[in-house]
């Protein structure tokens, strides 16, 4: 029986072991700042449980002391959702030790993994069984499944496979009182009332701590084709997307839009990067996969691109002739975010819109931002196939990046008001965290907010799970 007079840290050390309770400043430091460096907090301690039972015991102990918990995976989030506040009254609960593959059911095409397992490790485990987990992000070597689910991650293959929500069949989660929701069922049909797992996907740890999940697997692609196409306008890019979908159907996995300036920035900060189609205003990165070995994908895509060029839906195109060339083309896209970070602070927007209205939005927002911030440079890239754009502003030449970001609130209003007017979302895949709480109140209806707050109150009445995030 635990000593009733023991301190919180004594009890936590008793649960996870002293080596897994971090209190020294140098040990805690990596866990209290976000990836972008925008948020910095403090914590009483970082606790690193090694099992769901230990997570549950930590939650019960913290509830008994009235101490809030900030769940954290790979700490690669972009909205401050996994960063503690500066008050130093919270515990950071790191899932870094919970990295087991609990099971892989090849016949059922599912894998059950713990929340701290890096996304790349899920890919490797699936591939070892001749199967494929399609969630793909630039941070996949360090982001974790728990974080992916907590933010409902999207990535580059949503066009074909959907986002994290669509890829998840079951969830295990620890609630604020330490009770465990055990929903690790690999069923594609389960019509028995509320789909409770969906509450935790996209909730950013505000309703509980995701500790494990059952994920869908797919046949391993055996034929892969990557192409880069130049397009004169975004309208042309949308026409190209329609043509490729008609030709390739669900073999079209990804369709990424990138502005010339976004690619120039990527190359600037990654010397030696390729430049296969210089001199065009917009580019589309196309990925097509087939699970059949020897499928004639390359010929199909090459023909479709040639026909698109004849129809003015594209101006030029190049197909990767090897896996190495494909990796170089993808690196151009995946290095844009890191290049922006190296360039200096910038004003970021993670938005989604119906694909059909994106050209209109870009015209209106570009004019409004140009009038408000003369000379500001737009960095536009993202997943055109599913309507998700990363629509960012870099400082004009001659103005420091640090001073330019003081305009973030004004820029956000321009962009997000236009997004709302066109039926879009101010957060497509990065979540809400601390960064976008005011936007949630501004753009969600009173009924939506009421329902969200009711769910939060029901599952976390004391407000101990990741307080101050989302709501």
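Bear in mind that the values in this text are calculations on the coordinates, not laboratory data. Because the structure is predicted, anything quoted here is derived from the model rather than measured. Cβ sites come from the backbone with ideal geometry, for glycine too, and all protein chains shown count toward neighbours.
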Highest-first arrangement of 168-180, 23-35, 104-116, where packing means the average Cβ count within 10 Å: 168-180, 104-116, 23-35
On Cα atoms only, tilt of 323-334 relative to the major axis of the chain in degrees: 70
Beta bridge orientation in the chain: antiparallel %, DSSP, nearest 5: 85
Principal-axis tilt of helix 446-459 within the chain, Cα atoms, nearest 10 degrees: 40
Cβ crowding within 10 Å averaged over residues, with 253-261, 438-446 ranked highest first: 253-261, 438-446
Per-residue [θ]222 nm for the chain (sum of -39500 (n - 2.57) over DSSP H runs n ≥ 4, rounded to 500): -10000 deg cm²/dmol
Distance (nanometres) between label positions extended 7 Å along Cα→Cβ at residue 188 and residue 342: 4.3
Per-peptide average of other Cβ atoms within 10 Å, ordering 78-85, 314-321 highest first: 78-85, 314-321
Rg followed by Dmax, in Å, when the range 95-197 is reduced to its Cα trace: 13.5, 40
Crossing angle, helix 297-310 versus the chain [Cα axis fit, 0-90 degrees, rounded to tens]: 50
Pairwise centroid distance, computed over Cα atoms, of the range 115-175 with the range 209-287, Å: 19
Volume of the Cα convex hull of the range 8-94, divided per residue and given in Å³: 84
Among beta bridges that DSSP assigns inside the range 8-94, antiparallel share in %, nearest 5: 30
Shape category assigned to the range 363-471 from the gyration tensor of Cα positions, a/c cut at 1.5: prolate
